[in-house]
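Read through the structure below, which is laid out as structure tokens, and then see the notes.
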Amino acid sequence: MEGNVTVQTNELFLKKKKEMQKERRNLFIRRFLSNKMAVIGSIILTFLGLTAILAPVLTSFTPYEMVAANRLQPPSAEHWFGTDNFGRDIFSRVLYGSQVSLAVGLSVALATSIIGMVVGLLAAYYRLLDHILMRICDGLMAFPAILLAIAIVAVLGPHPVNVVIALTVVKSPEVARVVRSAALVIKEQTYIEALKAQGASAMRIIFMHITPNTVSPLIIQVTYVFAIAIIIEAALSFLGAGIPAPHPSWGNILYDGKTVIFSAWWMTIFPGICIILAVLGLNLFGDGLRDLLDPHTNKANK
Amino acid sequence: MKAYTIKRLLSLLPVLLVVAVVVFFLIHLAPGDPAAVMLGPDASPQDVENLREQLGLNLPLYQQFIAWFSGVLVGDLGMSIYMNQPVLDVFLDRVGPTLSLAILAQGISIIIAIPFGIIAARKRGTLTDQGFMVFAMLGVSVPSFLLGLLLMLLFGVYLGWLPIAGYSPLSEGVWSHLQYMILPAISLGAIQAALIARMTRSSMLDILSTNYIKTAHAKGVKERLVIYKHALRNAFIPILTVLGQTFGTLVAGAVVTETVFNLPGIGQLIVQSIVRRDYAVIQGTILIIAASYVLINLIVDLLYGAVDPRVRFNKK
Amino acid sequence: MVNEPLLNVKELKTIFSTEKGPVTAVDGVTFHVDSGETVGIVGESGCGKSVTAESIMRLLNEQTTKYEGAITYNGKNLLHLSKEQMRKIRGNEISMIFQDPMTSLNPVYTIGNQITETIMIHQKLSKEKAYVKAIEMLELTGIPSPEKRIYEYPHNLSGGMRQRVMIAMALSCHPSLLIADEPTTALDVTIQAQILDVISDLKKELNMGVMMITHDLGVVAEVCSRVVVMYLGQVIEEADVDTLFFNPKHPYTKGLLKSIPKLDGDRNSKLHVVEGTVPSLDNIPEGCRFAPRCAYADELCLNRAPELETTDEGNKVRCWHYKRIFEEEGANATTS
């Protein structure tokens, strides 16, 4: 009989827990939907993501096909965004370019999250490491990001992967700092002391107790890193130090467009709008998330 | 205060060392031999080897680093192999446009952003506030080089009001200088302005809800004075931090903005030097920029004391 | 007209518009303050006493606040004055000091700057004369060597000193009404008594009316001649200080008095607590607002709200049953 009762209460407990989790999720979704910035941001990002993925469906032109007779055509029914100085279709170059630009941004976001998380947690937990790691971060952050990126790409050679590496080196310290300061706050809490006193291992404390609390500031920061990665990639490509030539990327199209800016405004406007949309979408999404996840700034802003 | 300043100055050394090490090894790991680049594709291997020896490029890397860094410590940044001039001279030659660009951009952004931030804070929640903030959101989302291209398209190509690229030094007249600088400065300053406006707004909102603002109202202080005397000076402390931090963004943006507008500044110098494999120039200029960035942040920290008497007290 | 009080608050309602709809923080409050007297406004936090004070000063954000009723000061209805007219009264004729002296002074200006600012706003004095005046005021509030202190920043001063500075600033233009919003709550007990003495002394010297807002009945006993007890945005009892302490009418007032520890009391007996907590303003009980926490409440109390009645002694109470309770328990039941 007794065993039965416990099973029942256990089931009841689990059911209740599930319900509570569901309710919390629903609450988060409701709050998310009522946050205009987050919603508009996600709509923009979804739109850009879909057009990037669906590029082969949306356009019948390839981004590389040069038709000399079609050079510098203004936007028309056939070439929606016009053509460039090699007669390539800008619409398809912008679409395929968004694949490159978004992929670079996303890879940088993921890589900086992982590196920033590990470095930030180690620095927060081990005092000696903290000094060394944070001085290195200070040093890397003292560079104007784009200069360091240019230098790294110059060393490694222009290749999308190298652009990702350069941007990861440049932006990881920032993420590490955010993780570190979030982790330090948790580390000072009494319950971590209590856990230590009970003999919990360092790894257990770091991964079970400190890490979860660093996730929301990390996500917020990485959203901004994503945006900045798109900007710097575009700038690098615009300087001719990013994605190598025939491949489309938003920055490359701008680079080609600059020489003909007098005659072909469409080569500047369309990729430009895409960059602005992507960065705006990410910034809105980041600000919205910050309002949702971080009650302190939320109060200060309202 | 003096001891604090010295302590802060000393703490800059490790940061600068990291910067120096990173720059040096990064540049020297680059494929491509400056000797070969300088002599061109037709040079014989023997000539290249001789030049390498002459430039010290055949020594082990760490020896080259020590030689270079000990020079840096006494203010000698080395020679530009391409221009055959001391790096410091090359830098000083080209710093004018960049400095002018940075100062104009920062000036424009401060003049626009702080009043806008204050108005937005005072009219919090109204249409005006929301309008300003949407504008600021757009501002931080347009990369400066892109804004440069768009402004160039509008004012240079479409309206034809301003020259689209080039440079005229200040010594040849303020007006022609400004004609060339105004678009670059606006495109570079826009992001700053947006950042500063947002910071000003949120900082003002914090301050306007404090008790001492209530006291000021209770004393019968005029609304305008409450804002400009009592609130702004307090709100200025976090704004100052943003000003310092965004200087880095400004310099970074200047590199690309100079390329967009064809300004012969430091940004172009660095990009050209990378192509020319002019190691000493790249190292030297990046080191100076990084150092000035760190220094500016130090100055900002010291400025807190001027704005906030509590800081003065604590650090005595 | 001769008997017109200095400040006469009549049926004051202060309504905030919030996201959830209008919230009436002060609901029909009536009381008055005469020149030279100290009136205590007593109640738990959230009862609307601070909002009443800030309504009189018109310090609330008027875009989101609506007033009803009248606040008559020296024959003028303050609620009808323009912002500029009101500004000229604030700090000049009506002054206010706040609860937390640590945060009520601007940290980036010297105290001299802040006191002379008030003086120069309202009186046409030169900077030098304003400084002389400020030093004089600091001296009156008992700050040692004011001629040096005046050049210091707030962070150099202790809490008690800062509150003296606040008082000096508030009184620098010789206002006829001082509103003190919990002026001693944030201070040490020994400092509290000193600050109360300063306020009482200066009240006599300047013949001011003082509106003393507090939740501390000890403060009331020390300085007030009349007391207004507030509960959830309404006045529930008003009486002279002796009657209030020795013969309180409202069950809430009785509860408050019983919760004061007594030196000569039985240390083993538990202190009385008023059961329950103050309901929030968006969830106001239908009948008598105190009914859910009241031991005497019956059907009537839960359904119909009592009016503020004038008692035989000329005091006021908002309770259906105060007479019955008095007959059942006698006057001394609460003070034994």
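Values quoted throughout were computed directly from the atomic coordinates according to the rules given, and no laboratory measurement underlies them. Note that this is a predicted model, so its numbers are computed, not measured. With ideal geometry, Cβ positions are generated from the backbone for all residues, glycine too; neighbour counts draw on all protein chains shown.
Counting Lys +1, Arg +1, Asp -1, Glu -1, what net charge surrounds B:I270 among other residues with beta carbon under 14 Å of its beta carbon? Value of the local net charge: 0. Reducing the range B:224-279 and the range A:237-255 to their Cα centroids gives an inter-centroid distance of 25 Å.
Amide H to amide H distances under 5 Å link B:M83 with no residue, where only residues 5 or more positions off or on other chains count and H is placed in the peptide plane. Amide H to amide H distances under 5 Å link C:G40 with C:M212, C:S225, C:R226, C:V227, C:V228, where only residues 5 or more positions off or on other chains count and H is placed in the peptide plane. Between B:T128 and C:E11, the simple spin-label model (points 7 angstrom out along Cα→Cβ) gives 3.6 nm.
Database remark: amide H of C:E309 closer than 5 angstrom to the amide H of C:V317, C:R318, C:C319 (H placed geometrically; neighbours at sequence offset of 5 or more, or on other chains; Pro and chain starts carry no H). Spacing of the modelled spin labels on B:D42 and A:F13, each 7 Å from Cα toward Cβ, amounts to 8.8 nm.
Under a point-charge model restricted to the Cβ atoms of Lys and Arg (+1) and Asp and Glu (-1), what is the dipole moment magnitude of chain A relative to its Cα centre, in debye to the nearest 20?
On the way: 25 positive and 18 negative charges, 184 e Å.
Dipole about the Cα centre, nearest 20: 880 debye.
In terms of the mean number of neighbouring beta-carbon atoms within 10 Å, the peptides C:227-237, C:134-144 order highest first as C:227-237, C:134-144. Give, as ranges by residue number, the residues of the range C:37-63 whose backbone N falls under 16 Å from the point 7 Å along Cα→Cβ of C:N74. Within reach of a label on C:N74, which here means backbone N under 16 Å from a point 7 Å along Cα→Cβ, the range C:37-63 contributes C:57-58.
Across A:S101, A:S249, A:S60, mean-square fluctuation computed from a Gaussian network of chain A (C-alpha pairs under 10 Å connected) peaks at A:S60. Only Cα sites of chain C enter the Debye sum here, all with the same form factor; the resulting log10 I(q)/I(0) across q = 0.08 1/Å is -0.41, listed in q order.
Restricting everything to alpha-carbon atoms, can you work out Rg to Rh for the range C:108-172 with a Kirkwood hydrodynamic radius?
Details: Rg = 10.5 Å, Rh = 11.3 Å.
A ratio of 0.93.
Please order C:M86, C:M96, A:M208, A:M141 by the number of other Cβ within 10 Å, starting at the fewest. Present the calculation step by step, with values, prior to reporting the outcome.
Details: C:M86 20, C:M96 28, A:M208 12, A:M141 25.
In order of increasing Cβ crowding within 10 Å: A:M208, C:M86, A:M141, C:M96.
How high is the FRET efficiency between B:L154 and B:V307 when r is their beta carbon distance and R₀ equals 45 Å, given to the nearest 0.05? Don't jump to the answer; show the numbers that get you there.
On the way: r = 38 Å, r/R0 = 0.85.
Efficiency, from the Cβ-Cβ distance: 0.70.
Rounded to whole numbers, the Karplus 3J(HN,Hα) couplings from phi for the range C:42-58 are 10, x, 6, 5, x, 8, x, 6, 5, 5, 4, 4, 5, 5, 4, 7, 6 Hz, using 6.51 cos²θ - 1.76 cosθ + 1.60 with θ = phi - 60°, and x at Gly and Pro.
Taking the Cα centre of the protein assembly as shown as origin, work out the dipole magnitude from +1 charges on Lys and Arg Cβ and -1 charges on Asp and Glu Cβ, in debye rounded to 20.
260
The base-10 log of I(q)/I(0) for the range B:179-316, evaluated at q = 0.15, 0.16 Å⁻¹, reads -0.87, -0.93 [Debye formula, identical scatterers on Cα atoms, solvent excluded].
Go through C:7-20, B:228-241 and give me the packing order, highest mean Cβ count within 10 Å leading.
Details: C:7-20: 15.6, B:228-241: 19.4.
For the peptides C:7-20, B:228-241, the packing ranking is B:228-241, C:7-20.
Starting from the Cα of B:L12, step 7 Å toward the Cβ, then list every residue of the range B:243-272 with an amide N under 19 Å from that point. Within reach of a label on B:L12, which here means backbone N under 19 Å from a point 7 Å along Cα→Cβ, the range B:243-272 contributes B:243-252.
The fewest-to-most ranking of C:R164, A:R177, B:R198 by surrounding Cβ atoms within 10 Å reads A:R177, B:R198, C:R164. Two numbers describe the Cα atoms of the range B:115-159: Rg and Dmax, which are 14.0, 39 Å. Label separation (C:N207 vs C:E62): 3.1 nm, computed from points 7 Å beyond Cα along the C-beta direction.
Compare the peptides B:132-141, A:143-152 by average per-residue count of other Cβ atoms within 10 angstrom and give them in order, highest first.
Values: B:132-141: 18.7, A:143-152: 25.9.
Ranking, from highest mean packing down: A:143-152, B:132-141.
Restricted to Cα atoms, the range B:88-278 shows a radius of gyration and a Dmax of 19.5, 67 angstrom. Relative to the longest principal axis of the Cα atoms of chain C, helix C:111-122 runs at roughly 80 degrees. Annotation: for a label point projected 7 angstrom from Cα along Cα→Cβ of C:S200, residues of the range C:1-40 with backbone N closer than 15 Å are C:37-40.
To the nearest ten degrees, helix C:189-206 and the longest principal axis of the Cα atoms of chain C are 70 degrees apart.
From least to most packed, judged by other beta carbons within 10 angstrom and beginning with the fewest, C:S172, A:S34 follow the order A:S34, C:S172. Computed over the range A:224-291, the range of Cα coordinates on each principal axis works out to 44, 22, 15 Å, biggest value leading.
Computed FRET efficiency, Cβ-Cβ of C:E307 and C:H155, R0 51 Å: what is it to the nearest 0.05? Write out the running numbers ahead of the final one.
On the way: r = 50 Å, r/R0 = 0.98.
Result of the calculation: an efficiency of 0.55.
How big, on average over all directions, is the shadow cast by the Cα convex hull of the protein assembly as shown, in nm²?
On the way: hull surface 220.5 nm².
Dividing the Cα hull surface by four gives the mean projection, 55.1 nm².
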